[in-house]
């Protein structure tokens, strides 16, 4: 009975695996941006090199277990065997060569894909400032003077320079279809450089758990033509909403599943003001108020020290 049952089970397993894999998203292995393509290539190369060791080891483990099973009387029994120069050479030289190759590709790609490194391009990049809030994404276009919530638009085949920070807990900015992620932290500015190789709409997510509204902290990244991008900017500038301080304070309050919002005006220094709010967190670096107080105290001290001298002259 068991002999008939197991073949059926092994016949069903591939279909169960296919059923489970049908729910997977292959975005990381089918990127639409040059950075994502380079990262995919590195993943495939590194995995392939490691499989050169893993696969033979698995095959030999199964083969040796089968060949030297207790019921196989034809297997040669050599309990005194202890050394083989060929085997020693293989188990040392091959892994060393693989490690050297893996190290070369990893080192080269790590520096080439540094998120802080601007992309090589003759096209002027688009600057977008990113602020992680509870639980929404604020995007500021300093050159265009506009801002959006949970949606960004940029021209395809044009580098996009992201500056990222947080006005809440630590988060992670991630557009899987275009490239790697970067952390967003209060009081700090991180950078990410991406480019879309074609027009399309890409999902953006928070890749770091940040509380109750984490699952709804998503946005759309739209790559379009330059003409359509210019038209979209004009559309945003026609919006009645303006991102003044009162509007920002209301936006910064915790809320979930926020719709897309467009702001026709946004202060050029809004991003830096958000970063500067947390300057006091940086030990050894006084914030503006502390620096102002010290300067004022120094000035008063100088004035008071000069007064007796003036009285003496009288």
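Computed from the coordinates by the stated procedures, all read-outs in this text should not be read as laboratory data. Here the structure is a predicted model, which means the values were calculated and not measured. Counting neighbours? That spans all protein chains shown, and the Cβs are built from the backbone with ideal geometry, glycine included.
What to note about this one:
- Rounded FRET efficiency, nearest 0.05, which uses the C-beta distance separating residue 170 from residue 120 and R0 of 30 Å: 0.45
- Between the range 100-131 and the range 199-247, the Cα center-to-center distance that results, in Å: 23 Å
- Burial ordering of 276, 129, fewest other beta-carbon atoms within 10 Å first: 276, 129
- Kirkwood-based shape ratio for the range 126-279, expressed as Rg/Rh from alpha carbons: 0.93
- Packing-based exposure ordering (other Cβ within 10 Å, fewest first) of 106, 78: 78, 106
- Cβ-Cβ FRET estimate between residue 55 and residue 107, R0 fixed at 35 Å, reported to 0.05: 0.90
- Taking the Kirkwood radius as Rh and the Cα radius of gyration as Rg, the range 61-139 has a ratio of Rg/Rh equal to 1.40.
- Available extension along the chain between residue 96 and residue 278 is 60.7 nm, counting 0.36 nm per residue and deducting the alpha carbon span.
- Ordered by the count of other Cβ atoms within 10 Å of each Cβ, fewest first, 193, 83 give 83, 193.
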